[in-house]
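The next block holds one structure in the form of structure tokens; read it before the comments.
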Amino acid sequence: MNQIEDEDDPVLREYDVYIPQQTEEKLYVLQYPNRSGEAPYSEANHARPLELRLKPHVGLVELDVPLNVYDNYDKTKGIRWGEAVRKGGMDRGGSYGFAGGFSGGAVPQPARKGSKNSGLEDEINAAELQDALLADFEGAVRKGHVLSKQTLGGQIVPPKDGDPIYMIGVFRGDQLHLSKVTQIVQMRPQFHHIDAMVDNERNSARSLRESAAPRQTEVRAVQMTVKAADGDDMDMGETAKVLRAAQEENWQRLIYHDEDSQESWDKYHENLFLEDLENAPKLETDMTNDEYLDSISAPRVDPTDPDRKPQYSKLEPDSEEEADDAIQEAS
């Protein structure tokens, strides 16, 4: 091995690191794997989110973002899906998917009294309504008959021991302020409009069957079980409890401020910077520099004694010449 020459590697910039005091406010990072970073959901990109909903106990997050219903948009399907969502009660607090316990809309719809052919009448009325809405598409959009928003959803997974700790860093001059991230949530498209349409079709088919041959419904308790890989039965009671809790918990509807709004910038300066720098406690560590390097370095295994723990930090040459000699001997 050739003798290692000193490289010209000067320190370009130094920063004082500060960690703001943790508050009761939570800091979530919302990631959008299906969205390009060059096209964020923002007012400047004509995609400002409409509403953010949260179920904190079960850890569910949903975000509504607007759709362009005039360019590259199937108006017929938009009306069909918009009507399905409206009838499913999502605009009145209903939920589908995990948030709804994988059942229908959370808002029950009362049965309509009418003729025995009410199911057929519904189909005829739906076709007539669709034609009328297509004729006045602009008015249909204003009245909420068209699917004009997309729902993104994610789950807040509680951290476990050993999970990495993520922090957000912001700069102010020669200062670096680090804030601990509560959790990272990946937001993906939810197909609630499909669930709503399937649920409405199922309800219409049930209405037709009941009008043709009404019968007494017997209520029975059903115990869910699943076969595990080893052949033992695994009780699904805990899963049922989680789904029931997700369905019963009400959404907390939050006000969403655009990333460039004054409210967002105020929160940015209020929560991500440590203001009282003079009285801030000094950050200290119980590790030396060598111990820190040892902790992040790959372990070295001695083939003659694999159980021996390496002592990296013991090598402390008194001079550069001794260090170079040690390197040459190792080669």
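The values are calculated or read from the model by the stated rules, or taken from the named source; none is laboratory data. Owing to the predicted nature of the structure, the values given are computational and were not obtained by experimental measurement. Reconstructed Cβ throughout: ideal geometry from the backbone, glycine too, with neighbour counts over all protein chains shown.
Quick one: S295 ticks every box in (1) surrounded by 11 or more Cβ atoms within 10 Å (Cβ to Cβ); (2) part of a helix (DSSP H, G or I) except a single one, so which number is it?
Going through the list (1) surrounded by 11 or more Cβ atoms within 10 Å (Cβ to Cβ); (2) part of a helix (DSSP H, G or I), S295 breaks only (1).
Hey, can you tell me all the residues within segment 167-213 that are surrounded by 13 or more Cβ atoms within 10 Å (Cβ to Cβ), in a loop (DSSP other than H, G, I, E, B) and out of contact with any strand residue (DSSP E or B) (no Cβ under 6 Å at 6 or more places or on another chain)?
Selection gives F191 alone.
Filter segment 21-44 down to residues that are touching a helix residue (DSSP H, G or I) at 6+ places or on another chain (Cβ under 8 Å) and of a type outside the set (A, V, I, L, M) and give me whichever is nearest to L178 (Cα to Cα).
That would be T23.
Name every residue in segment 158-195 that is more than 13 Å from the chain's Cα centre (by Cα) and among the aliphatic types (A, V, I, L, M), in order of residue number.
Within segment 158-195, I165, M167, I168, V170, L176, L178, V181, I194 qualify.
If I ask for residues that are among the small types (G, A, S), loosely packed, with under 14 Cβ neighbours inside 10 Å and touching a Leu at 6+ places or on another chain (Cβ under 9 Å), which ones from segment 123-166 would you list?
G139
Would you say Y32 is closer than 18 Å to L254 by Cβ, surrounded by 14 or more Cβ atoms within 10 Å (Cβ to Cβ) and among the hydroxyl-bearing types (S, T, Y)?
In short, yes.
When segment 123-178 is examined, which residues are found to be closer than 26 Å to N271 by Cβ and touching a helix residue (DSSP H, G or I) at 6+ places or on another chain (Cβ under 9 Å)?
Selection gives G153, Q155, V170.
Out of all the residues in segment 214-230, is one or more modelled with pLDDT under 75, in contact with a strand residue (DSSP E or B) (Cβ under 6 Å, 6 or more places away or on another chain) and in a strand (DSSP E or B)? Let's see the steps before the verdict.
Restricting attention to segment 214-230, the residues satisfying the condition of being modelled with pLDDT under 75 are 214-230.
In the following step, the residues that additionally are in contact with a strand residue (DSSP E or B) (Cβ under 6 Å, 6 or more places away or on another chain) were identified as 225-226, 228.
Within this subset, residues satisfying the condition of being in a strand (DSSP E or B) are 225-226.
Yes, that holds for at least one residue.
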